[in-house]
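The values are calculated or read from the model by the stated rules, or taken from the named source; none is laboratory data. The model shown is predicted, which means the values in this text are computed figures rather than measured ones. Quick reminder, even Gly has a Cβ in these numbers, built from the backbone with ideal geometry, and neighbours come from all protein chains shown.
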Amino acid sequence: MTYNSERRKRKADATKMKIYASARQLFTVNGYDAVTVSQIVAMAGVSKGSFYVHFASKDELFKTLILDKVEMSDANYLEFFNALPEDTPTDEIVLAFVGRIADVLVEDIGRERMQALYKAQLAQTAGSDVALSYTRALYNMFSHVLRIGIERGDVRLPVSVSLQDMSRHLVLAIRGVTYEWCARGAEFDFKAQALQHFRIILDGLLLKPRGVG
């Protein structure tokens, strides 16, 4: 690659990042529907032509933002999960994992962004279904934890419920608490409520009461 081509690539990458960052801020503050391509390029200080060089549409840009955030969040969860000692009791794994998810949602993503995402999902905005996909690493991690618990003999699933279904219900539980947090605001202690909710769920799955050897 020549010096000029490298310089053009750096400039193009910088332009794309300006568009990306501006769109992320505008979507978070105003919501998907209220934001236009004109507003995005105005904030980014670039032309509309530059926008369409990098993104085919506002929908594609929005999908890219969500996909990137989902992948980064799931990578964060996986790193945390893999760092837990192998002999950690199953219920402690689940609660530690839920606590980590709560920390990421509150400290990294934030309530306003989650509200914007839920609004986009309810409106079935193109690309907003990425976070709902059953192929997400998040589902696989819950499945893995449950499988460990079953193999150890300290978790029993209801007869009519498969491992995959139970994993989905655990993610549904996270989403339910997240919705309450988005709806109720700052007075709702997301992490405390999530941990309490999962302790109740675990009491129905564990063969031994928590704390009993």
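One table, with the values for the structure above:
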| quantity | calculated |
| --- | --- |
| Verdict on Tyr118 being in contact with a Lys or Arg (Cβ under 7 Å, 6 or more places away or on another chain) and in the same structural domain as Leu78 (by TED's automatic domain parsing) | no |
| Per-region count, the range 83-110, residues farther than 15 Å from Leu146 by Cα, more than 12 Å from the chain's Cα centre (by Cα) and loosely packed, with under 14 Cβ neighbours inside 10 Å | 3 |
| Any chance Val98 is in contact with a Ser or Thr (Cβ under 7 Å, 6 or more places away or on another chain) and under 14 Å from Thr178 (Cβ atoms) | no |
| The range 70-84, residues that are within 16 Å of Ser133 (Cα to Cα) and of a type in the set (D, E, K, R) | Glu71, Asp74 |
| Residues of the range 122-135 classified as touching an Asp or Glu at 6+ places or on another chain (Cβ under 8 Å) and either farther than 16 Å from Phe62 by Cα or surrounded by fewer than 16 Cβ atoms within 10 Å (Cβ to Cβ) (or both), total | 2 |
| Qualifying residue in the range 159-175 (condition: more than 16 Å from the chain's Cα centre (by Cα) and buried (at least 17 other Cβ atoms within 10 Å of the Cβ)) | yes |
| Flag for Asp103 being without any contact (Cβ under 8 Å) to a residue 60 or more places away in the chain, of a type outside the set (S, T, N, Q) and in the same structural domain as Tyr139 (by TED's automatic domain parsing) | no |
| Criterion (modelled with pLDDT of 90 or more and among the hydroxyl-bearing types (Ser, Thr, Tyr)) met by exactly one of Ser73, Ser47 | Ser47 |
| Positions within the range 110-123 being closer than 12 Å to Asp33 by Cβ and either outside any helix (DSSP H, G or I) or in contact (Cβ under 8 Å) with a residue 12 or more places away in the chain (or both), in sequence order | Ala116, Lys119, Ala120, Ala123 |
